[in-house]
Amino acid sequence: MHFSRFASQLSNDAGIISLMEDLGSALGTDKKMYMLGGGNPSHIPEIEAYFREQMLAIASDTQLFGAMVGEYDGPQGNEGFIRILADFFNELYGWPIGAENIAITNGSQASFGLLFNLLAGDSPDNDSITNNFRQVLLPLTPEYIGYADVGLSERPLFTARRPIIENIDETFYKYHVDFKQIDIDDHIGAVCVSRPTNPTGNVITDEELAHLSELTKANNTPFIIDSAYGVPFPNIVFSDATPLWGEHIVLCFSLSKLGLPGVRTGIIVADAAIINRIRNANAIFNLAPGSVGPALVRQSIQSRKLIELCRETLKPYYERRRDEAIAQVKDQMAGLPVRIHQPEGAIFLWLWFEGLPISVQTLYERLKERNVLVIAGHHFFPGLEADWQHKHECIRMTYSSDSESVHRGIAMIAEEVRRAFDEA
Ligand SMILES: Cc1ncc(COP(=O)(O)O)c(C=O)c1O
């Protein structure tokens, strides 16, 4: 059998593969696993009950059920749902967007795969300045592991920058964009940030966002803002974060962190020319995006119930889980050189063990032996060419898992880190 060049890019060592396999294999075992690795959202009873009710209402209505499972939507996504979304963003934020600015995908991971390859990679320009190739700039790493391997070109799709580190107090620190290192020219096909950021829980400030927006706009470069955890849904944001729209901005939303990762629904809001290509890609690769997610949330978006659920239930739930996890880290890791990135959103703590005598890959393996799954930090720096010791001193742990797992998991992380320092 001869695989293609494309197949060689689906290499087994992509970080996202081991992450998703860890998630899958943990589900298929009887052993108690302490799942602090993946990005699975919590099962929040009130939220699940609400969507279950919606699903039952659809299932008991012959016409709604038939429309949900028995028909292909158009390649841009369900037209009625897209119109509801356009009205929603118009009314909520006053953004002048129409149905031509919105497309549905099979999850935002699929959105990024399409967007990055549409806007960067090999270009047909015959342009000696760019050498017929453009990259995606990640202005602040650490950044989401899932971007790293989606490029279809042989050349590296990402270029990334280290952050400035602000020490907030003895426990917390925060990354900022280092604008001295940001140079957006014709070699850059798109700029992308996740806000809140996976893995750190950082929310880049309104000022940083506005500055990046100005720089990208001035160069006519699309600016992708990954809002998988952002406002207005799921709104897992604990600091002030104003959403931003402009003709050069590409907003990516997802239903996953509402507690619906299984329905695989992503939403892209962008310039009509980009949406047009996404629609075509949907038709070519998928015929149409799935209809279940849009059917399930349609009503709650139209009635604004979704916003209320996020504000009143989902966000306070994650805020409480975050505070518990921080208290446990402080308690269990007292005396260890651990610092936490200020968790302003998302569902993770990003722990920095400065001077750790072993690499975090070794720490990951030792923890996995004890059935504790975390993610080693070095996976979260796609496009950062130079090595940086900091990458090997950080781990991401999720606090969305059940409380016992988070509690016991943190205790075992503390034991292994202590052991590493004691052995040195
Ligand atoms: C920052 C970020 N973006 C995108 C995704 C992809 O999510 P989905 O494909 O489930 O919409 C994730 C998933 O964890 C994420 O954390």
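A few notes on this one:
- The chain - mean residue ellipticity at 222 nm from DSSP helices (-39,500 (n - 2.57) per run, n ≥ 4, rounded to 500): -11500 deg cm²/dmol
- Using 0.36 nm per residue and subtracting the Cα-Cα separation, the extra length available between residue 217 and residue 284 on full extension is 21.1 nm.
- Sites residue 273 and residue 17, calculated FRET efficiency, Cβ-Cβ separation with R0 30 Å, nearest 0.05: 0.40
- Label sites at residue 242 and residue 5, each approximated as a point 7 angstrom past Cα along Cα to Cβ, lie 4.6 nm apart.
- q = 0.10, 0.11 Å⁻¹: log10 I(q)/I(0) that the Debye formula gives for the chain, counting C-alpha atoms only: -0.70, -0.85
- Expressed as a whole percent, the accessible area of the chain that falls on carbon and sulfur atoms is 50 (1.4 Å probe).
- Solvent exposure of the chain as accessible area per residue, Å², 1.4 Å probe: 44
- Choice from 126, 286, 117 showing the highest fluctuation, given a GNM over the chain with Cα pairs closer than 10 Å: 126
- Selection from 293, 144, 278 lying farthest towards where the dipole of the chain points positive, charges on Cβ: 293
- When the charge dipole of the chain is built from unit charges on Cβ atoms (+1 for Lys and Arg, -1 for Asp and Glu) and taken about the Cα centre, the candidate among 77, 386, 93 whose Cα reaches farthest toward its positive end is 77.
- Residue order for 359, 227 - accessible surface, 1.4 angstrom probe, largest first: 359, 227
- Remark: region 329-408 carries a charge dipole of roughly 140 debye about the Cα centre, counting +1 on each Lys and Arg Cβ and -1 on each Asp and Glu Cβ.
- Exposed GluC sites (Glu not before Pro) absent - longest run of the chain, DSSP non-H/G/I/E/B, at most 14 other C-beta within 10 Å: 248-353
- Rough spin-label spacing in nm, given labels placed 7 Å along Cα→Cβ, for residue 61 and residue 415: 5.2
- Shape call, region 142-286: gyration tensor on alpha carbons, a/c limit 1.5: oblate
- The HN-Hα couplings worked out from phi for region 354-368 by the Karplus form 6.51 cos²θ - 1.76 cosθ + 1.60 (θ = phi - 60°) are 5, x, 3, x, 10, 6, 5, 5, 5, 4, 4, 5, 5, 6, 5 Hz, whole numbers, x standing for Gly and Pro.
- Euclidean distance between Cα centres, region 142-193 to region 49-83, Å: 38
- An oblate overall shape is assigned to region 1-120, the ratio a/c of its alpha-carbon gyration tensor axes (a ≥ b ≥ c) being 1.5 or greater and a/b not exceeding b/c.
- Note that region 395-401 has calculated 3J(HN,Hα) couplings of 10, 9, 10, 8, 9, 8, 5 Hz, one per residue in order, obtained from phi through the Karplus relation 6.51 cos²θ - 1.76 cosθ + 1.60 (θ = phi - 60°); glycine and proline are x.
- Fraction of antiparallel bridges per DSSP, the chain only, in percent to nearest 5: 60
- Extreme residue, positive dipole direction of the chain, given options 218, 68, 409 (C-beta unit charges): 68
- Compared with the alpha-carbon gap, the fully stretched path from residue 71 to residue 313 is longer by 83.8 nm at 0.36 nm per residue.
- Percentage relative contact order, the chain, counting C-alpha pairs under 8 Å, at least six apart: 23
- In a reduced charge model with +1 at each Lys and Arg Cβ and -1 at each Asp and Glu Cβ, the chain shows a dipole moment near 660 debye about its Cα centre.
- Förster radius 41 Å - calculated FRET efficiency between residue 207 and residue 362, Cβ distance, rounded to 0.05: 0.60
- Over region 161-244: Rg over Rh, Cα atoms, Kirkwood Rh: 0.97
- Look at the alpha carbon pairs under 8 Å that are at least 6 residues apart: their mean separation over the length of region 336-375 gives a relative contact order of 29 percent.
- Long-range HN-HN contacts of residue 224 with modeled amide H, under 5 Å: 191, 192, 193, 250
- R0 of 51 Å, Cβ-Cβ distance residue 166-residue 403: FRET efficiency to nearest 0.05: 0.95
- Take every Cα pair under 8 Å whose residues are at least 6 apart in sequence, average their separation, divide by the length of region 84-184, and the relative contact order is 19 percent.
- With DNA, RNA and ligands ignored, accessible area of residue 175 (1.4 Å probe; Å², nearest 10): 0
- Placing a label point 7 Å from the Cα of residue 369 along the Cα-to-Cβ direction, the residues of region 380-410 with a backbone N closer than 19 Å are 409-410.
The values are calculated or read from the model by the stated rules, or taken from the named source; none is laboratory data. Not measured: the values here are computed from a predicted model. Glycine gets a Cβ as well: all are built from the backbone with ideal geometry, and neighbour counts include every protein chain shown. Accessible surface areas use protein heavy atoms only, side chains included; no ligands, DNA or RNA. Shrake-Rupley method; radii C 1.70, N 1.55, O 1.52, S 1.80 Å.
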